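Okay, structure first, notes after.
The values are calculated or read from the model by the stated rules, or taken from the named source; none is laboratory data. As the structure is a prediction and not an experimental result, all values here were calculated from the model. Quick reminder, even Gly has a Cβ in these numbers, built from the backbone with ideal geometry, and neighbours come from all protein chains shown. Areas reflect the complete protein model, heavy atoms only, side chains present, ligands, DNA and RNA absent. Shrake-Rupley method; radii C 1.70, N 1.55, O 1.52, S 1.80 Å.
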Amino acid sequence: MEKVLIELQQAIENGETQIAMNKTKEALNYGIRTDKIIQTAINPAFKDLGQKMFDGEIYVTDVLMASRAAHAAMYVMEPILSRSTGTSKGIVAIGTVAGDLHDIGKNLVIMMLQGSGYTVIDLGIDVPAETFVEAVRMHKPDVLALSSLLTTTLPELDNMIDALEVTGLRAQVKVIVGGAPVTAEYASRIKADAYANDLFEATEAVADLVKNRIGKYAI
Ligand code: B12
């Protein structure tokens with residue numbers, strides 16, 4: 001049973017899309033839960049790739065192939081992760097900030113939120129502040145979720161919160177920030193409302209924000 005997760009991790013790292021899909025189906029058929037598949041195969045694959053990328057052992061194109069394979073695995077899990085529970089619990093607008101093209105983590109957060117009953121407006125990647133502001137104005141989300149994977153795009157989170165202040169929209173929406181380089185300390189410095197480390201925490205944090213609860217992810 002664990003073997004299939006190792007094979008899935010390898011398939012993602014090798015960028016083998018079809019094998020990644022088959023292994024994900026196999027894992028689900030064994031009754032392995034989606035959270036275990038994410039934590040034991042998908043996350044370690046990218047940890048490994050990140051290290052190899054850092055060490056110059058692989059190229060960006062290799063990581064792109066791996067991303068495609070991971071998205072294929074996520075596509076197989078999507079009907080389970082996004083199985084909605086009926087009426088919407090709230091609206092979340094989400095996007096990856098300007099200059100940043102990383103979306104694997106954001107997409108996992110989206111699936112988890114949808115599966116937990118939230119309506120999610122996905123603004124995509126490389127989203128300029130004006131687009132976030134426009135989405136807040138138009139859709140009136142309960143929560144604005146911002147993702148940043150690069151240290152160079154971290155300041156965009158700060159810029160985004162400033163843009164909400166300047167346009168007078170800050171009071172009408174709660175802001176949660178996340179992504180590998182983001183920390184609770186940074187979230188506090190830029191006056192976000194919450195910070196969460198992964199898709200599971202993100203969903204708990206959003207539940208608190210929507211209910212105006214000061215939970216453990218509040219800043
Ligand atoms: C995949 C990847 C890519 C892919 C992205 C494909 C895609 N569709 O996303 C590609 C090849 C395009 C890419 C490009 C680049 N990348 Co890159 N990439 C990665 C890699 C290997 C994995 C990221 C990932 O998907 N992880 C898996 C997911 C599941 O985890 P996650 O994203 O962290 O998301 C989780 C949490 O962070 C959280 N979360 C995420 N978003 C949000 C939002 C909210 C609101 C909340 C609450 C939570 C939350 O929940 C998620 C699920 O649990 C990382 C290394 C790493 N270990 O992180 C490097 C990494 C992020 N990349 C890096 C770099 C340098 C680059 C490039 C500059 C490389 C280059 N020379 O061109 C470009 C930049 C392109 C750009 N402008 O964005 C560096 C960043 C270094 C830094 N300190 O800034 C890293 C760390 C690699 C390294 N070790 O050097 N990359």
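Which numbered condition in (1) away from the ligand (no atom under 15 Å from the Cβ); (2) in a helix (DSSP H, G or I) is the only one that residue 168 fails?
Tallying (1) away from the ligand (no atom under 15 Å from the Cβ); (2) in a helix (DSSP H, G or I), residue 168 fails exactly one: (2).
How about segment 147-172: which of its residues are under 16 Å from residue 219 (Cβ atoms) and either touching a residue at least 40 places away in the same chain (Cβ under 8 Å) or not assigned by TED's automatic domain parsing to the domain that holds residue 121 (or both)?
Across segment 147-172, the qualifying residues are 148, 157, 160.
Tell me, which helices (runs of 4 or more DSSP H) lie completely within segment 1-109 with 1 or more residues that are within 11 Å of the ligand (Cβ to nearest atom) and open to solvent by less than 10 Å² (accessible area, probe 1.4 Å)? If you could, list the steps in order and put the result at the bottom.
On the way: elements: 2-13, 17-29, 34-37, 43-54, 60-81.
Result: 2-13, 43-54, 60-81.
Output the qualifying pairs, or none if there are none: Cβ atoms under 9 angstrom, residues six or more apart or on different chains, first residue in segment 49-63 and free of Cβ contacts under 8 Å to residues at least 12 places away in the same chain, second residue assigned to a loop (DSSP other than H, G, I, E, B) and near the ligand (Cβ under 8 Å from one of its atoms).
50/180
Specify which of the listed residues (180, 145, 187, 192) is in a strand (DSSP E or B) and within 13 Å of the ligand (Cβ to nearest atom).
145
If I go through segment 171-194 residue by residue, how many of them are within 13 Å of the chain's Cα centre (by Cα) and open to solvent by 40 Å² or more (accessible area, probe 1.4 Å)?
The number of residues fulfilling the criteria is 1.
So which of 155, 128 is modelled with pLDDT of 95 or more, within 16 Å of the ligand (Cβ to nearest atom), out of contact with any helix residue (DSSP H, G or I) (no Cβ under 6 Å at 6 or more places or on another chain) and open to solvent by 60 Å² or more (accessible area, probe 1.4 Å)?
Within the list 155, 128, the selection yields 155.
Restricted to segment 195-219, and to residues that are part of a helix (DSSP H, G or I), out of contact with any strand residue (DSSP E or B) (no Cβ under 8 Å at 6 or more places or on another chain) and not polar (S, T, N, Q), which residue is surrounded by the most Cβ atoms within 10 Å (Cβ to Cβ)?
Only one residue tops the list, namely 199.
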